[in-house]
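Asker: One structure, pasted below without further comment.
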Amino acid sequence: MNAVFLYALVGIGLFTLGLYALIVYRHLLRKILAINVMGSGVFMVLVALAARTQGATPDPVPHAMVLTGIVIAVSATALALALMLRLRAETGRTEFPEERLE
Amino acid sequence: MSIEDIPWGVIVILLPLAGAVVCFLSPQRVSSLGLIVALGIAVGVAGLGWQVVEQGAQRYAIGGWGAPLGIDLYVDGLSLSMLVMTVLVGLGISVYARGYFKRDKATHFWPLWMFLWSALNALFLSADIFNLYVTLELLGLAAVALVTLAGGSDALISAMRYLLVSLLGSLACLLGVALLYHSFGSVDIAILAERVQPSPAVWAAMGLMSAGLLLKTALFPLHFWLPPAHASAPAPVSALLSALVVKASFYILLRLWLEVFPLANAALAQLLGLLGAVAVLWGGLQALRQTRLKMLIAYSTVAQTGYLFLAFPLASIIGWTGALYMLLSHAAAKTAMFMAAGNILYFGGHDRIADLDRVVQRLPLTISAFALAGVSIMGLPPSGGFISKWLLLEAAIRSGQWWWGSILILGGLLSAAWVFKVIGYAFTQTEAPHESRAVPVTMEWAALAMAMVAILLGLFASWPLALMEIGLPFGEEGAG
């Protein structure tokens, strides 16, 4: 078990944690954050697995992919937040109707 | 540079992208500009098609950097069929949207639609799995923004759910990409196809990517987000989503399944087929139960998507061709149906099926379009739907799995039931009169034209079938 593998496992752990939060929490902001945690998990896997052989210089291609991924994640988060705000202005709610408790 | 060397593949991606920016910057003439760009894309795809027919499958290295470092575009019969389908549906929707959207909505619709078109073309041309992820996200973001155009809380809630589902699906794909890159050091599909070896990482990647793409393709039981999102969007957007956006993630799944995961195991293929079969029946039954026309058509998309997955357990060239044919004819027919529903909604202010109130007398062209599209959805001859079901049936019998054929017939009967239900109400007088508003004639003709495309696909099946075989996307005869 080397360090690279550990980082990749942590990444997978973050992904799973985010997935759990996405399903369990009702507030939309929490769901949006959960998606971001999942994204960070994937980025961590990409960065960690870039070191394909022990000791050698890490492969830069996955790092470039992570940069692209971050740009996408930022725009998706912006859209999600804008939608959430609009939804709250329109209905006063920040949950999906089928997940409301009352 | 002679005409053979023009990189049409790059043009059909850049043109809508530039068109989106131009449409965004000049809101005054947005509809006309959009239509001109749409025609330009049609010319581009025609050029690309001519190139592919003359010279076979094409590969472009963008900027002269080839794979594995650079980004390649690849076009064969499969990609070309998808591009041509996008152009046909896109032109129809562009004409329709000119009549449908008033000034303020139009200024939002056109740039987003052009971005969506660009993402679709890029997706169908991508030759590497990371690029597929990026285009999938672009497509998802544009599609979500388009759903919100309808305004109101229903559309916002559906859009939000759609966005979260879409992001979840793409992230699962990206994790799969990371695992595949780590295992084989490339994201290029052709290189991966050479290097791929069965290993736990490949199985994990396959599971993640398939799950993500199934979620985005809305295969039963992951279809929960689709009907509200497709039904609450404005009519041209519903047509776009059902005809094109859902198909894009299916296309990626098909590509991966055919090239990167050829070692795909039979149990998983049977599972996909089974889910597809349940989707056909469940979607059909749910469609019958709906009281709103657009919701009904959206559930029918769930059913029709199910047919596409019947090709996985059959795994033969005829089966894949049948699924692709189903995809093309469904795209045309479903566009026509959503346009017809849009016309009825525009005319009467509602889409309650029980209160259609002799709409056939007021909008004869629209109801004709709906009925003709229904012929293709049911799979009656002569229509694209018939050809595709015929091919799937032949594949089922040849592979000795006749039971998949019975699903085709049951699904057809369920479709027939709801098509006749709607048409029956269109002839019946009701208490509630329509508040009737004149429907622009272009909107009626656009719906009829799309329905005619679905029918013509049945009458002239040999051309599209020959087109699909270029570059042998489904493998050699006998290998399947």
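Asker: When B:Y346, B:Y299 are ordered from fewest to most other Cβ atoms inside 10 Å of their Cβ, what list results?
Answerer: Fewest-to-most ranking of B:Y346, B:Y299: B:Y346, B:Y299.
Asker: Related question: About the Cα centre of the range B:371-480, how large is the charge dipole given +1 on each Lys and Arg Cβ and -1 on each Asp and Glu Cβ? Please answer in debye to the nearest 20.
Answerer: Rounded to the nearest 20 debye, it is 200 debye.
Asker: Right, another one. Just in the range A:1-38: which chymotrypsin sites (Phe, Trp or Tyr not before Pro) are loop by DSSP and have at most 15 other Cβ atoms within 10 Å?
Answerer: Listed in order of number, the matching sites are A:Y25.
Asker: Follow-up. At R0 = 45 Å, how high is the FRET efficiency between A:T16 and B:S436 if r is their beta carbon distance? Nearest 0.05 is fine.
Answerer: So the FRET efficiency works out to roughly 0.25.
Asker: With each pseudo-label sitting 7 Å past Cα toward Cβ, what's the B:A354-B:L285 distance in nm, one decimal?
Answerer: 2.2
Asker: While we're here: On average, how many beta carbons from a partner chain sit within 10 Å of the beta carbon of a residue in A:73-85?
Answerer: That works out to 4 on average.
Asker: Suppose every K and R has +1 on its Cβ and every D and E has -1 on its Cβ; what is the size of the dipole of the protein assembly as shown about the Cα centre, in Debye to the nearest 20?
Answerer: Computed charge dipole of the protein assembly as shown: roughly 1360 debye.
Asker: Using a 10 Å cut-off around each Cβ of peptide B:147-160, what is the average number of partner chain Cβ atoms that fall inside?
Answerer: Taking all residues of B:147-160 together, the mean is 4.
Asker: What size of dipole, in debye to the nearest 20, comes out for the range B:63-181 about its Cα centre when the only charges are +1 on Lys and Arg C-beta atoms and -1 on Asp and Glu C-beta atoms?
Answerer: Its charge dipole is roughly 500 debye.
Asker: In the range A:7-26, which residues have a backbone nitrogen under 12 Å from the label point lying 7 Å from A:F96's Cα in the Cα-to-Cβ direction?
Answerer: Answer for the range A:7-26: A:22-26.
Asker: On to the next question. Given B:L213, B:A354, B:S126, which one lies farthest toward the positive end of the charge dipole of chain B, if we put +1 on the Cβ of every Lys and Arg and -1 on the Cβ of every Asp and Glu?
Answerer: Going by the Cα projections, it comes out as B:A354.
Asker: Right, another one. Counting other beta carbons within 10 Å of each Cβ, put B:E259, B:E54, A:E99, B:E137 in order, fewest first.
Answerer: B:E54, A:E99, B:E259, B:E137
Asker: Continuing with this model, one more query. With unit charges on the beta carbon (Lys/Arg positive, Asp/Glu negative), name the residue among B:L365, B:A333, B:Q290 whose Cα is farthest towards the positive pole of the charge dipole of the range B:267-480.
Answerer: It is B:Q290, whose Cα lies furthest towards the positive end.
Asker: Could you line up A:H63, B:H330 from fewest to most neighbouring Cβ atoms inside 10 Å?
Answerer: A:H63, B:H330
Asker: Enter the mean number of other protein chain beta carbons within 10 Å of the beta carbon of each residue in A:62-68, as an integer.
Answerer: Per-residue shielding by partner chains comes out at 3.
Asker: Full extension from B:S32 to B:I409: what is 0.36 nm times the residue separation minus their Cα-Cα distance, to one decimal in nm?
Answerer: Extra length available between B:S32 and B:I409 comes to 131.3 nm.
Asker: Take the Cβ-Cβ distance between A:T57 and B:L14 as r, set R0 to 30 Å, and report the resulting FRET efficiency rounded to the nearest 0.05.
Answerer: Efficiency at R0 = 30 Å is approximately 0.30.
Asker: What is the extension gain from B:I6 to B:A211, computed as 0.36 nm multiplied by their sequence separation minus the C-alpha to C-alpha distance, in nm to one decimal?
Answerer: 70.0 nm is the gain from fully extending B:I6 to B:A211.
Asker: Sticking with this structure for a sec: Short version: what are the Cα gyration tensor semi-axes of the range A:3-93, square root of 5 times each eigenvalue, largest first, in whole Å?
Answerer: For the range A:3-93, the semi-axes come out at 32, 15, 5 Å.
Asker: What distance in nm separates the simple spin-label points at A:I70 and B:A190, each placed 7 Å from Cα in the Cβ direction?
Answerer: Result: 3.3 nm between the two label points.
Asker: Between B:S199 and B:K421, how high is the FRET efficiency from 1/(1 + (r/R0)^6) when r is the Cβ-Cβ distance and R₀ = 56 Å? Nearest 0.05.
Answerer: Calculated value: 0.65.
Asker: Also, I was wondering about something else. Quickly work out the B:V21-to-B:W463 label distance, labels modelled 7 Å from Cα along the C-beta direction, and quote it in nm with one decimal.
Answerer: Between B:W463 and B:V21, the simple spin-label model gives 3.5 nm.
Asker: Once you have the Cα-Cα distance between B:W402 and B:E259, take 0.36 nm times their residue separation minus that, and quote the gain in nm to one decimal.
Answerer: Roughly 48.8 nm would be gained on extension.
Asker: Here's something else I'd like to know. Using the charge dipole of the range B:94-249 (Lys, Arg: +1 at Cβ; Asp, Glu: -1 at Cβ; taken about the Cα centre), state which of B:H223, B:P200, B:A155 has its Cα farthest towards the positive end.
Answerer: The residue sitting most towards the positive pole is B:A155.
Since every read-out is calculated from the coordinates, none of them should be taken as a lab result. This one's a predicted model, so the numbers in the text were calculated from it and none came from an experiment. As a convention, Cβ positions derive from the backbone with ideal geometry for all residues, glycine included, and neighbour counts pool all protein chains shown.
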